[in-house]
Amino acid sequence: MDQVRHEGGGRKNILQTKEEVEKIFLQVIEDHIAGDPMNEKIRWLKLTRAEVSRQMKELGVIVSRNIVRKLMKKHRLVKRKIQRKRSIGQSVDRAEQFKNIIDKKEKFMKSDNPIVSIDTKKKEHIGGNLYRDGSVYCTQAIEASDHDYPYLADVKIVPHGIYDMKQNKAFITIGTSAETAEFICDSLKNWWSNYGRNEYPKANEILIFCDAGGANSYRHHIFKVELQQLANAINMRLKIVHYPPYTSKWNPIEHKVFPHITRAMAGIPLSTVEGAKSSIESAKTKTGLTVVADVIKKTYEKGKEVAKDYMTDSKIKFEDSLPKLNYTISPMNST
């Protein structure tokens with residue numbers, strides 16, 4: 001028996017050519033594109049691939065999310081994160097100091113001496129069943145408090161990092177008190193005593209890259225006082241090189257270590273300090289980064305005063321090029 005198709009029945013006439021498909025794609029995203037008014041090359045799309053595919057279907061074109069992905073890529077719409085690269089200010093010493101940094105790094109790379117990059121990571125609240133960004137595979141959703149008030153936490157940890165640039169190894173000291181110059185120097189002392197001196201048995205000097213601000217600020221006399229005590233304790237010259245103001249993101253530990261630690265700690269509750277230590281030590285990369293951590297429960301006093309004549313008990317040599325950012329501290333018993 002012959003079948004008579006109803007008027008308007010059967011498969012719809014769907015556009016087939018690549019040009020027509022692309023035209024519909026551009027029509028769909030047109031009203032959902034945002035961009036940088038100062039740079040026409042920077043645009044972003046406020047639709048998911050599934051939403052684009054659904055809206056294209058409503059206009060008569062059926063395409064998969066994979067096709068949408070290819071169309072997005074063709075028009076340079078690739079999933080990216082906002083990058084913290086724009087400085088909020090500019091240092092007049094930037095060019096000169098970056099040249100100093102490169103020169104010193106090249107010199108130390110050829111020596112038996114270590115190069116370390118140091119900084120303090122974002123403080124973390126432990127205990128209190130607080131929410132944490134990120135996700136993990138689990139058999140049941142992890143529930144957290146509906147508010148993240150700091151007073152709910154049992155303790156706040158201060159993770160100070162030391163990145164050995166030659167060995168691609170990181171040492172994290174977890175403090176449970178305050179971030180002070182004394183804490184930073186205790187962290188360096190622990191690294192050298194437990195790891196550094198074994199890795200560099202012939203060393204006679206340590207090159208230390210650090211930021212311009214915070215507890216290791218080049219403006220703070222207390223940092224130099226604590227460094228002198230550290231040099232005396234480990235009997236080692238310390239060559240300090242500060243990154244100029246507004247350039248802390250170029251400090252190697254910022255992008256070589258901290259993002260991987262953040263990822264290792266993401267999405268899991270931090271209920272104990274030891275649990276946080278275990279998570280930090282699980283951080284690693286395909287390029288071979290390894291991380292070890294230690295806990296210091298010492299209480300550190302904030303706002304310590306420095307004697308006006310502290311330089312008389314110090315052995316500091318400031319360099320000719322940007323002396324405020326480059327100096328060497330030798331042990332008091334050295335010749």
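The values are calculated or read from the model by the stated rules, or taken from the named source; none is laboratory data. Because the structure is predicted, anything quoted here is derived from the model rather than measured. Positions of Cβ are backbone-derived with ideal geometry, glycine not excepted, and every protein chain shown enters the neighbour counts. Ligands, DNA and RNA are excluded from the accessible area calculation, which covers all protein heavy atoms including side chains. Shrake-Rupley method; radii C 1.70, N 1.55, O 1.52, S 1.80 Å.
Taking the DSSP beta bridges with both ends in the chain, the antiparallel portion is around 60 percent.
Compared with the direct C-alpha span, the chain from Asn129 to Gln83 gains 13.6 nm at full extension, assuming 0.36 nm per residue. Note on exposure: Asp31, Asp112, Asp211 ranked by accessible area (1.4 Å probe, complete protein assembly) read Asp31, Asp112, Asp211, with the most exposed listed first. Each residue, Arg69 and Lys284, gets one label point 7 Å from its Cα in the Cβ direction; the gap between the two is 2.8 nm. Multiplying each eigenvalue of the alpha-carbon gyration tensor of region 284-327 by 5 and taking the square root yields semi-axes of 33, 23, 9 Å, largest first, rounded to whole angstroms. When Lys302, Lys169 are compared by accessible surface with a 1.4 Å probe, the order from highest to lowest is Lys302, Lys169. For the residue pairs Lys110/Lys189; Lys73/Lys286; Lys99/Lys123; Lys122/Lys298; Lys239/Lys315; Lys239/Lys284, alpha carbon separations beyond 22 Å are given by Lys110/Lys189; Lys73/Lys286; Lys99/Lys123; Lys239/Lys284.
With the convex hull constructed from alpha-carbon coordinates only, region 230-273 shows a mean projected area of 5.7 nm² over all directions. When the trypsin sites (Lys or Arg not before Pro) in region 175-264 are filtered for DSSP coil states and for at most 10 other beta-carbon atoms within 10 Å of their beta-carbon, the remaining sites are Lys202, Arg219. Pairwise Cα distances in the chain exceed 29 Å for 55 percent of all pairs.
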